[in-house]
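Participant: Input: one structure, supplied below.
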Amino acid sequence: MTRLTRAVRGLVTALAALLAVTTASATAQARSEPKAPKDFVALRTVDPTIIQEIRYFTPHNFVGERIDGYEQPLCILTRPAAEALHKAQLQLLRKGYTLKVYDCYRPQRAVNHFVRWAKDLDDQAMKGEFYPNVDKTRLFADGYIAEKSGHSRGSTMDLTIVKLPARPTRPYHPGQPLVPCYAPKNERFPDNSVDMGTGFDCFDTLAHTLDPRLQGEQRANRLLLKNTLEALGFVNLAEEWWHYTYKPEPYPDTYFDFPVSRKSLVNGA
């Protein structure tokens, strides 16, 4: 055997060993990921008619990139919350509308991602759309960012209403010009929802559910969502027209960190 042949074989052996270690490490990491309790479900298994536009799986959010923990564009909720949302959907379908969810269960690692971003005052790439009038130094003090989120408990969701037949929403392209989230509906980023007065995740007082400046059709749309959900046990966060929590929560004091993925669910559905 020549010296060159021995060297090549040695290199191949080393590479194979490195690949084995890397594969084993990745497999161990996948196996170590936390799982959801058995009463967490994919919303589509309870109601496949509710539109899902999971914003944190995409770069179209206030951070400007996919958020940690969002491995699939999937709405996961506790079963009681999902079933109550299904009842709301049945009511709205009879009126010619459908629900659309932007976010549901949110892992703690995603919240941590928000916190890191909020502390990086140099990163203001998405300010023009999501927080044009808010100084980034005020995000914690004003309550827009927190180290814990009710979403991590599994019974909170961000959602809106879409008039049927639902038209597709134009995709967002990173780097495109940004328009303030409180601009008139025909000027801000297009969304196939009814006009709620602001876009989703708008860091502005105009997003307060009952802000008196919102009247006419915009107020009526917010009240349609609010009245439909509250009659079924949901509670609105007054500062965000899109934010609702189903009560009583099965896990009122537990903040989960399993990834948003079918693999996190017991039945994988």
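Participant: Does segment 208-219 contain at least one residue that is of a type outside the set (S, T, N, Q), closer than 28 Å to Glu147 by Cβ and crowded, with 19+ Cβ neighbours inside 10 Å? Before the answer, list the steps.
Facilitator: Going through segment 208-219, the residues of a type outside the set (S, T, N, Q) turn out to be 208, 210-214, 216-217, 219.
Filter again for closer than 28 Å to Glu147 by Cβ, leaving 208, 210-211.
From what's left, crowded, with 19+ Cβ neighbours inside 10 Å: 211.
Checking segment 208-219: at least one residue is of a type outside the set (S, T, N, Q), closer than 28 Å to Glu147 by Cβ and crowded, with 19+ Cβ neighbours inside 10 Å.
Listed here are the residues, each with its yes/no results for (1) in contact with a helix residue (DSSP H, G or I) (Cβ under 6 Å, 6 or more places away or on another chain); (2) in a loop (DSSP other than H, G, I, E, B); (3) on the phi > 0 side of the Ramachandran plot.
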residue	(1), (2), (3)
Val41	yes, no, no
Thr45	no, no, no
Pro48	no, yes, no
Tyr56	no, no, no
Asn61	yes, yes, no
Ile67	yes, yes, no
Leu74	no, yes, no
Leu77	yes, no, no
Pro80	no, no, no
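Participant: Hey, can you tell me all the residues within segment 143-157 that are of a type in the set (D, E, K, R) and not in a helix (DSSP H, G or I)? Steps first, answer last, please.
Facilitator: So in segment 143-157, the residues of a type in the set (D, E, K, R) come out as 147-148, 153.
Across segment 143-157, the qualifying residues are Glu147, Lys148.
Participant: Just wondering, is there one or more residues in segment 229-244 that are among the β-branched types (Val, Ile, Thr), over 25 Å from Ala110 (Cβ atoms) and assigned by TED's automatic domain parsing to the domain that holds Val63?
Facilitator: Pass one, segment 229-244, residues among the β-branched types (Val, Ile, Thr): 235.
Adding the requirement that they be over 25 Å from Ala110 (Cβ atoms) leaves none.
Within segment 229-244 (the criterion being among the β-branched types (Val, Ile, Thr), over 25 Å from Ala110 (Cβ atoms) and assigned by TED's automatic domain parsing to the domain that holds Val63), the answer is no, since none of the residues qualifies.
Participant: Need pairs with beta-carbon distance below 6 Å; first residue under 21 Å from Lys127 (Cβ atoms) and within segment 151-176, second of a type in the set (Ser, Thr, Tyr); sequence gap 6+ or separate chains.
Facilitator: Once the first residue is under 21 Å from Lys127 (Cβ atoms) and sits in segment 151-176, its partners that are of a type in the set (Ser, Thr, Tyr) give Asp158/Tyr102.
Participant: Search segment 124-133 for residues being touching a residue at least 60 places away in the same chain (Cβ under 8 Å) and part of a loop (DSSP other than H, G, I, E, B), and hand back the single one that is farthest from Glu65 (Cα to Cα).
Facilitator: Kept after step one, since they are touching a residue at least 60 places away in the same chain (Cβ under 8 Å), are these residues of segment 124-133: 125-126, 129-133.
Now drop any that are not part of a loop (DSSP other than H, G, I, E, B), which leaves 125-126, 131-133.
Numbers: Ala125: 10, Met126: 10, Tyr131: 16, Pro132: 18, Asn133: 21 Å.
Filtering first and then ranking leaves Asn133.
Participant: Next question, about the same structure. Is it the case that some residue within segment 240-249 is of a type in the set (Asp, Glu) and closer than 18 Å to Tyr102 by Cβ?
Facilitator: yes
Participant: Would you check which residues across segment 89-122 are surrounded by 13 or more Cβ atoms within 10 Å (Cβ to Cβ), in contact (Cβ under 8 Å) with a residue 60 or more places away in the chain and over 17 Å from the mean Cα position of the chain (by Cα) and list them?
Facilitator: Gln91, Leu92, Leu93, Tyr97, Thr98
Participant: A follow-up question, please. Got at least one residue in segment 236-245 being in contact with a helix residue (DSSP H, G or I) (Cβ under 9 Å, 6 or more places away or on another chain), in contact (Cβ under 8 Å) with a residue 12 or more places away in the chain and of a type in the set (S, T, N, Q)?
Facilitator: yes
The values are calculated or read from the model by the stated rules, or taken from the named source; none is laboratory data. Given the structure is predicted, the values throughout are model-derived calculations rather than measurements. Here Cβ is always computed from backbone atoms with ideal geometry, including for glycine, and neighbour counts include all displayed protein chains.
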